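Take a look at the structure below.
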Amino acid sequence: MKKLRTLLYLQNQSRYQSIRTVSVASDSIKPFDEIPGISKVPIIGGLHHFLPYVGTIGYKGNFHDLVKTLHKRYGTVVRLEGIAPRATLLVLFEPQHFEQVYKAEEYNPLRPGFETIEYYREVLRKGRFGGYFGLMSAQGPQWRDFRTKVNPALLKPKLVKIYAPVLGEIAEEMVERITRLSKEGNYLKDNFDLEITKWSLESLALVSLGTRLGCLQDNLKEDHPARQLIKCANDIFELSFKLEFLPSLWKYIATPNFKKLMKTYDLQWDISAMYIEEAKKLAKERGSDAPEEDKSILEKLIAIDERVAILMANEMLLAGIDTVSFTITSILYHLATNQPAQDKLREEIQAGESRRYLRACMKESLRIWAVVPSNLRRTSKEHVVAGYRVPVGIDVIAP
């Protein structure tokens with residue numbers, strides 16, 4: 001079976017390679033620099049386009065506003081050159097164009113996107129990580145190696161059954177809390193996102209560490225480690241966007257936002273390391289004789305590679321908080337604004353059926369509002385996309 005999968009993969013690569021070769025031979029192929037996009041000037045490149053008020057694009061506070069402006073101004077294929085600190089970006093708005101690049105790239109992809117965390121782990125705190133790469137920063141074979149180690153502990157369907165009872169208890173606590181808070185003035189109106197994020201972290205900690213953090217308790221102060229962990233995750237994604245997708249000089253000088261981000265990475269690591277160490281102690285007290293089905297993801301990964309286990313748990317507490325809370329908020333919003341769908345889903349759940357409609361609601365919600373705003377690959381070979389030649393080393397992004 002493994003040989004068959006390998007053969008099919010190689011055939012697929014050969015097919016896309018032949019398509020690309022034929023296309024390159026055509027006289028109609030236009031050079032990369034003819035792709036519509038921002039102009040450059042000496043020294044500052046294309047930075048002037050992003051100046052507030054006077055720039056053709058202006059300052060954009062979030063990714064969605066940025067790509068919306070690019071699409072409206074330049075069309076479905078957009079070139080962004082000379083914008084420090086990123087490599088040249090090619091923004092593709094048509095799914096079939098990105099699919100072409102995605103499928104023709106290598107089995108071990110280059111997925112740039114968190115260059116600041118790469119710097120933090122591989123330069124600033126190199127001694128701490130010792131050459132280990134997590135899913136957020138690993139590239140190519142390193143990513144494949146890490147993924148191979150963690151997949152057995154993460155991708156088993158029976159994990160859902162193991163955690164379902166306690167996750168159900170956490171969900172019931174959350175429903176009771178939301179119901180109570182909804183009667184207390186405008187608190188929930190102003191803090192719904194925070195409350196959902198608390199639930200997200202509490203659930204993630206159970207799955208990744210095998211323990212609860214107490215995020216749903218009343219009067220959780222801002223200096224509580226769980227609240228700090230939530231703030232760290234929010235700050236990291238906000239600062240990463242400003243440094244990596246908007247013009248920035250952080251690769252040349254330590255800008256204020258860069259310094260703040262490095263300190264935030266340190267704080268996030270220290271807090272998550274504290275929780276991970278507590279979970280390790282609990283696991284040790286329970287002993288190695290505990291049934292395999294009762295072990296947390298952290299325990300399972302420690303048996304494989306302790307450093308991988310710690311790094312994976314850290315990334316779950318970083319990247320998982322926002323993605324889980326965003327997903328559930330999106331689903332709740334779309335159900336709240338679609339009464340027929342809400343009624344149908346309630347009937348299915350009360351009837352104890354197969355949850356097919358629930359899965360459909362989840363998929364449709366994620367289709368409308370994707371958790372990740374884009375997908376990105378750095379080209380390791382030449383491509384021809386929409387009639388343009390795309391060279392090696394271009395960051396191709398699909399918003």
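General observations
- Scope region 241-267; condition charged (D, E, K, R) and either farther than 29 Å from Pro399 by Cα or touching a residue at least 12 places away in the same chain (Cβ under 8 Å) (or both); matching residues: Lys242, Glu244, Lys251, Lys260, Lys263, Asp266
- Tallying residues that are outside any helix (DSSP H, G or I) and either farther than 26 Å from Ser296 by Cβ or in contact (Cβ under 8 Å) with a residue 24 or more places away in the chain (or both) within region 156-213 yields 9.
- Among the residues of region 92-132, those identified as charged (D, E, K, R), farther than 24 Å from Arg389 by Cβ, more than 19 Å from the chain's Cα centre (by Cα) and not in a loop (DSSP other than H, G, I, E, B) are Glu122, Lys126, Arg128.
- The residues in region 367-388 that are loosely packed, with under 15 Cβ neighbours inside 10 Å and not in a loop (DSSP other than H, G, I, E, B) can be counted, and the count is 2.
- Complete set of residues in region 330-373 that are β-branched (Val, Ile, Thr), within 24 Å of the chain's Cα centre (by Cα) and either modelled with pLDDT of 90 or more or farther than 30 Å from Phe241 by Cα (or both): Ile331, Ile368
- Checking each residue in region 233-252 for being of a type in the set (Ser, Thr, Tyr) and not in a helix (DSSP H, G or I) picks out Ser248, Tyr252.
- Selection count where residues are surrounded by fewer than 17 Cβ atoms within 10 Å (Cβ to Cβ) and either over 27 Å from Pro165 (Cβ atoms) or among the acidic types (Asp, Glu) (or both), scope region 286-306: 6
- Across region 52-76, the number of residues qualifying as among the charged types (D, E, K, R), surrounded by 15 or more Cβ atoms within 10 Å (Cβ to Cβ) and out of contact with any helix residue (DSSP H, G or I) (no Cβ under 6 Å at 6 or more places or on another chain) comes to 0.
- Residue within region 294-312 that is modelled with pLDDT under 90, more than 26 Å from the chain's Cα centre (by Cα), over 26 Å from Phe237 (Cβ atoms) and assigned to a helix (DSSP H, G or I) present: yes
- Index of the failed condition, Arg389 passing every other in (1) charged (D, E, K, R); (2) at pLDDT 90 or above; (3) assigned by TED's automatic domain parsing to the domain that holds Leu213: (3)
- Among the residues examined, Phe133 does not qualify as in contact with a helix residue (DSSP H, G or I) (Cβ under 7 Å, 6 or more places away or on another chain) and farther than 15 Å from Ala313 by Cα.
- Some residue of region 328-351 being in contact (Cβ under 8 Å) with a residue 60 or more places away in the chain, surrounded by 14 or more Cβ atoms within 10 Å (Cβ to Cβ) and under 21 Å from Pro109 (Cβ atoms): no
- Some residue of region 133-143 being assigned to a loop (DSSP other than H, G, I, E, B), closer than 22 Å to Gln268 by Cα and among the aromatic types (Phe, Trp, Tyr): yes
- Test: residue in region 268-285 that is touching a residue at least 60 places away in the same chain (Cβ under 8 Å), in contact with a Gly (Cβ under 9 Å, 6 or more places away or on another chain) and buried (at least 19 other Cβ atoms within 10 Å of the Cβ): yes
- Selection within region 352-366 - exposed (fewer than 13 other Cβ atoms within 10 Å of the Cβ) and either on the phi < 0 side of the Ramachandran plot or outside the structural domain of Phe241 (by TED's automatic domain parsing) (or both): Glu353, Ser354, Arg356, Arg359, Lys363
The values are calculated or read from the model by the stated rules, or taken from the named source; none is laboratory data. Predicted model only: the values in this text are computed from it and were never measured. Virtual Cβ from ideal backbone geometry, glycine too; neighbours counted across all protein chains shown.
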